[in-house]
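The values are calculated or read from the model by the stated rules, or taken from the named source; none is laboratory data. As the structure is a computational prediction, the values presented were derived from the model and not from experiment. Note: ideal-geometry Cβ built from the backbone for every residue, glycine included; neighbour counts use all protein chains shown.
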Amino acid sequence: MSQPTIPGFRRVPRTGVIYVMHRARQAGFEYGDPAWANLGQGMPETGELPGAPPRVKQISIDPQSQEYGPITGEIALRQKVADLYNILFRQGKSSLYTWENVSIAGGGRVALTRLAAALGNINMGHFLPDYTAYEELLSVFKAFIPIPILLDQDEGYVAPLAMLKREILGRGLRALLVSNPCNPTGQLVEGERLRRWVQMARDFQCSLILDEFYSHYIYTGPANAHPPTMVSAAAYVEDVNADPVIIIDGLTKNWRYPGWRISWTLGPKEVIGAIASAGSFLDGGPNHPFQNQVLDLLEPELVYQETQAIQDTFRKKRDYTLARLRAMGIGVEAEPAGTFYVWANLAALPAPLNDGLAFFKEGLKENVITVPGIFFDVNPEHRRAFGRYGNYSRISFGPEMEKLEQGLDALGRVITRRS
């Protein structure tokens, strides 16, 4: 890679999805082009779903909200988020979240960046594979040292509790960054296992930072349960201001409004205060005019309706995608229990399609986009020389069913051409 020619600047790498979209545009892709199917997309379909509440189509802006808003968001919205978590996950508990336990930010990456800026000089664990954007996030902030924890495919890409305890005690981890459900594998920590993770964080004083952006895309519960299955570590926190559990979520995935760029961080008051200070110099605060519009979206009954609609629709797309991929000779070691991604093993395909990067490039010739698995080998500052996941690809079933069918048909043509 060539070095920057302008003095003082470094070459900033593109995250996985940004890289593949850049290459796709070079190959002729344009958003909205019916000839293309984007199975690399990191967002869900945003239109109407059967049984879901009506989509927001108009927004009325209070002239006063044209001004700057509070760094941590309007108190009304912060309290609404706290109330939602108390209703969904903390009924009957003596310790409840309040607005002081919530900070609003301009999307998930901003929330994570605030947290990273507020961390001290510590060892912080992160899993492999995991969300591509973590790599640069873990590289830029120098106060903490990122420690990779390799997930074993034989364990279903979920870390056994005993292994985590060894990592925390042996490497002196003071924080652990986890996406749950995991992007890209779709694996989920829930129930008793999640309760033990929270207990472990409490006992060993290791902050558990949970990216729960896919926590409503859950396929382990009954198909028509009411309320539908949702997973959050908030259910197992004992004291909201003492337990070192920090949760990040927002409208992007679970409400299917990615363009609104509204997220929230839930945690002890002390943490919320620290990230407020970080936000004051990093980003200046979240989108102000949209915050009042979010209040109605957080009404519990509407959340139940939206979640049920998501699970009904995406469970069908998941099952369809798994069947199509396996028929093509693509392996899936662990079926996704959550998210809208399949962590696809290409090893059995003929060369060069058994390589995720080559598979992606060949797909562009058929107007279909995937994400090579190498981008999920989170490797801050490229400290590790040996790369993993070259034989993998993340395939998204986020698009509408018609687009999903089109994309899988295209992947079938790619494989047939090389067979």
Can you tell me which residues in the stretch 246-279 are under 30 Å from Phe397 (Cα atoms) and among the aliphatic types (A, V, I, L, M)? Ile246, Ile247, Ile248, Leu251, Ile262, Leu266
Output for the stretch 48-58, where each listed residue is surrounded by fewer than 18 Cβ atoms within 10 Å (Cβ to Cβ) and out of contact with any Pro (no Cβ under 9 Å at 6 or more places or on another chain): Pro50, Gly51, Pro54, Arg55, Val56, Lys57, Gln58
I need the full set of residues from the stretch 1-29 which are out of contact with any helix residue (DSSP H, G or I) (no Cβ under 8 Å at 6 or more places or on another chain), assigned to a loop (DSSP other than H, G, I, E, B) and modelled with pLDDT of 95 or more, in order please. Gly28
Restricting attention to the stretch 242-268, which residues are farther than 15 Å from Ile104 by Cβ and outside any strand (DSSP E or B)? Ala242, Asp243, Pro244, Lys253, Asn254, Arg256, Pro258, Gly259, Pro268
Right, Asp319: surrounded by fewer than 21 Cβ atoms within 10 Å (Cβ to Cβ), more than 20 Å from the chain's Cα centre (by Cα) and under 13 Å from Ile71 (Cα atoms) or not? no
What number of residues within the stretch 353-373 satisfy the criterion of being closer than 17 Å to Gly412 by Cβ, outside any helix (DSSP H, G or I) and not hydroxyl-bearing (Ser, Thr, Tyr)? 7
Identify the residue in the stretch 360-410 that is small (Gly, Ala, Ser) and modelled with pLDDT of 95 or more and, among all such residues, is surrounded by the fewest Cβ atoms within 10 Å (Cβ to Cβ). Ala410
Quick one: count up the residues across the stretch 30-47 that are surrounded by 11 or more Cβ atoms within 10 Å (Cβ to Cβ) and part of a loop (DSSP other than H, G, I, E, B). 10
Under 7 Å between Cβ atoms, at least 6 apart or on separate chains: pull out the pairs that start in the stretch 205-220 with a residue that is part of a loop (DSSP other than H, G, I, E, B) and end on any residue that is of a type in the set (Asp, Glu). Glu212/Asp249; Phe213/Asp249; Ser215/Asp249; Thr220/Glu190
How many of the residues making up the stretch 326-335 are under 23 Å from the mean Cα position of the chain (by Cα), under 16 Å from Asn354 (Cα atoms) and either exposed (fewer than 14 other Cβ atoms within 10 Å of the Cβ) or in contact (Cβ under 8 Å) with a residue 60 or more places away in the chain (or both)? 1
Residue satisfying all of: in the stretch 173-198; more than 17 Å from Leu150 (Cα to Cα) and within 18 Å of the chain's Cα centre (by Cα); surrounded by the fewest Cβ atoms within 10 Å (Cβ to Cβ) among these: Leu194
Give the residue, chosen from Ile59, Ile75, that is of a type in the set (Val, Ile, Thr), under 30 Å from Ala234 (Cβ atoms) and at pLDDT 95 or above. Ile75
Qualifying position, being surrounded by 20 or more Cβ atoms within 10 Å (Cβ to Cβ) and in the same structural domain as Asn101 (by TED's automatic domain parsing), among Gln311, Gln291: Gln291
Checking the condition in contact (Cβ under 8 Å) with a residue 24 or more places away in the chain, in the same structural domain as Tyr257 (by TED's automatic domain parsing) and buried (at least 19 other Cβ atoms within 10 Å of the Cβ), which residue from Ser103, Ser95 passes? Ser103
Of (1) surrounded by fewer than 19 Cβ atoms within 10 Å (Cβ to Cβ); (2) assigned to a loop (DSSP other than H, G, I, E, B); (3) modelled with pLDDT of 95 or more, Glu301 fails just (2)
Residues of the stretch 72-100 that turn out to be closer than 20 Å to Asp283 by Cβ and touching a strand residue (DSSP E or B) at 6+ places or on another chain (Cβ under 8 Å), as a count: 6
Exactly one condition in (1) surrounded by 14 or more Cβ atoms within 10 Å (Cβ to Cβ); (2) in a helix (DSSP H, G or I); (3) within 22 Å of the chain's Cα centre (by Cα) is not met by Ser65; state its number. (3)
Output the number of the condition that Glu167 fails; it satisfies all remaining conditions of (1) loosely packed, with under 14 Cβ neighbours inside 10 Å; (2) part of a helix (DSSP H, G or I). (1)
